[in-house]
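Before any comments, here is the structure.
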Amino acid sequence: MREFIVEADGGSRGNPGPAGYGSVVIDAATGETLAEAAEYIGVATNNVAEYRGLVAGLRAARELDPTATVHVRMDSKLVVEQMSGRWKIKHPDMKPLAAEAARVFPDAGQVTYEWIPRERNKHADRLANEAMDAGRRGEQWSASTSTAEPAAALTSTAADADTGAATKVAAGWSAPADLGPPATFVLLRHGETLLTPQKRFSGSGGTDPSLSDVGRDQAERVAASLARRGTIEAIVASPLTRTRQTAAAVAERLGLDVTIDDGLRETDFGAWEGLTFGEVRERYPDDMNAWLASPKAEPTGGGESFAATARRMAVTRDKLIAAHAGRTVLLVTHVTPIKTLVRLALGAPPESLFRMELSAASLSAVAYYADGNASVRLFNDTSHLR
């Protein structure tokens with residue numbers, strides 16, 4: 001059975017305004033461009049243009065082989081989530097377009113959907129812009145005048161970050177095709193509480209502080225940033241109040257539910273909860289020295305060692321990877337869990353935990369591949385807070 005990749009895009013200069021779409025059908029086995037489609041559609045919204053691009057791409061694929069399997073890749077989170085059945089279609093203009101797209105390949109199992117960032121959808125995006133440019137001239141787009149580069153020509157040799165092997169990859173792929181898409185964890189530290197700027201130990205064994213006014217503002221800022229990026233498919237949070245509040249702000253923006261996982265809770269710092277590093281050093285000097293020297297040492301009063309936290313995080317990581325294979329998931333958690341996931345992904349020693357700075361409401365990201373390898377993609381990004 002043949003397998004096609006359909007990349008589609010649409011745009012509107014005004015939303016609503018002069019609009020057009022572009023679609024590409026690619027042979028999944030060879031990377032060869034098999035068909036292109038583009039059209040100026042008059043005044044419409046971005047969403048309508050994107051759906052029109054999807055329909056055109058699916059129809060072009062069906063004309064080539066109605067029995068083929070089709071993997072659609074688009075940078076429209078709305079279209080991908082609605083066609084995948086994860087989001088409800090509420091807008092009256094979208095319902096008939098979605099139904100039209102679904103009828104092209106009546107067997108639902110033939111078509112799958114994947115969100116990709118805009119920079120990986122350049123071919124279809126360029127076709128859509130060519131169609132809009134043609135419309136501005138009072139013309140319709142023609143393949144003979146297209147300047148969009150075929151997908152087969154957009155290949156590059158890249159060093160695989162996990163194996164060191166040189167891999168020939170088609171444009172739009174971030175990993176060798178035989179591994180499939182990774183499970184990507186976007187790691188969000190919660191926003192500030194009143195304890196955060198004072199650098200006090202705040203784990204899971206003491207009081208459960210809420211976000212401060214600053215922390216709530218940070219949560220809204222990171223929510224807006226993640227909404228613009230449009231990559232998150234699920235949200236999982238620690239059960240503590242500050243993480244649930246941060247996750248709720250993001251979930252409201254993205255229209256997603258929040259799943260609570262106790263494995264993402266912060267380390268229990270025992271009798272040190274609420275104290276500063278200096279106060280602990282003064283009150284419990286021997287325990288502090290032992291804790292700094294060994295990951296197996298527990299904070300005073302039966303707290304959780306870093307070694308125990310690492311075991312918990314490894315179990316939680318593996319469970320979430322299995323549950324979200326190939327998806328991008330936001331984990332809203334704390335300093336030690338995030339640092340631990342990054343440390344484990346890098347294969348770094350336990351003492352590396354003391355050498356990482358992780359700010360409130362910062363974003364980090366780790367991708368986990370089917371062969372067991374991991375790739376740290378981002379660490380302590382706070383650009384959205386500026």
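Things worth noting here:
- Hits in segment 337-377 (condition: in contact with a strand residue (DSSP E or B) (Cβ under 8 Å, 6 or more places away or on another chain) and open to solvent by 60 Å² or more (accessible area, probe 1.4 Å)): Leu346, Glu357, Arg377
- Checked against (1) over 30 Å from Ile116 (Cα atoms); (2) outside any loop (DSSP other than H, G, I, E, B), Pro239 passes all but condition (2).
- Segment 127-151, subset open to solvent by 50 Å² or more (accessible area, probe 1.4 Å) and either of a type in the set (Gly, Ala, Ser) or under 24 Å from the mean Cα position of the chain (by Cα) (or both), residue modelled with the highest pLDDT: Gly138
- Hey, Tyr113 aromatic (Phe, Trp, Tyr), under 27 Å from the mean Cα position of the chain (by Cα), under 27 Å from Ala183 (Cα atoms) and at pLDDT 90 or above or not: yes
- Criterion: without any contact (Cβ under 8 Å) to a residue 24 or more places away in the chain and either touching a helix residue (DSSP H, G or I) at 6+ places or on another chain (Cβ under 7 Å) or β-branched (Val, Ile, Thr) (or both) - qualifying residue of Asp261, Asp208, Asp213, Asp257: Asp257
- Just one of (1) of a type in the set (Ser, Thr, Tyr); (2) part of a loop (DSSP other than H, G, I, E, B); (3) within 18 Å of the chain's Cα centre (by Cα) fails for Ser359. It is (3).
- Considering Thr300, Thr259, the condition of being among the β-branched types (Val, Ile, Thr), outside any helix (DSSP H, G or I) and open to solvent by less than 30 Å² (accessible area, probe 1.4 Å) is satisfied by Thr300 alone.
- Among the residues making up segment 89-109, those that are modelled with pLDDT under 90 and over 20 Å from Ile41 (Cβ atoms) are Lys90, Pro106, Asp107, Ala108, Gly109.
- Qualifying position, being open to solvent by 20 Å² or more (accessible area, probe 1.4 Å), among the aromatic types (Phe, Trp, Tyr) and in contact with a helix residue (DSSP H, G or I) (Cβ under 7 Å, 6 or more places away or on another chain), among Phe306, Phe277: Phe306
- In segment 12-64, the residues that are within 13 Å of Asn129 (Cβ to Cβ), aliphatic (A, V, I, L, M) and either part of a strand (DSSP E or B) or open to solvent by 20 Å² or more (accessible area, probe 1.4 Å) (or both): Ala19, Ala38
The values are calculated or read from the model by the stated rules, or taken from the named source; none is laboratory data. Just so it is clear, the model here is predicted, and its values are computed rather than measured. Methodologically, a virtual Cβ is constructed for each residue, glycine included, from the backbone with ideal geometry; neighbour enumeration extends over all protein chains shown. When the accessible area is computed, the model is the full protein with side chains, heavy atoms only, and any ligands, DNA or RNA have been set aside. Shrake-Rupley method; radii C 1.70, N 1.55, O 1.52, S 1.80 Å.
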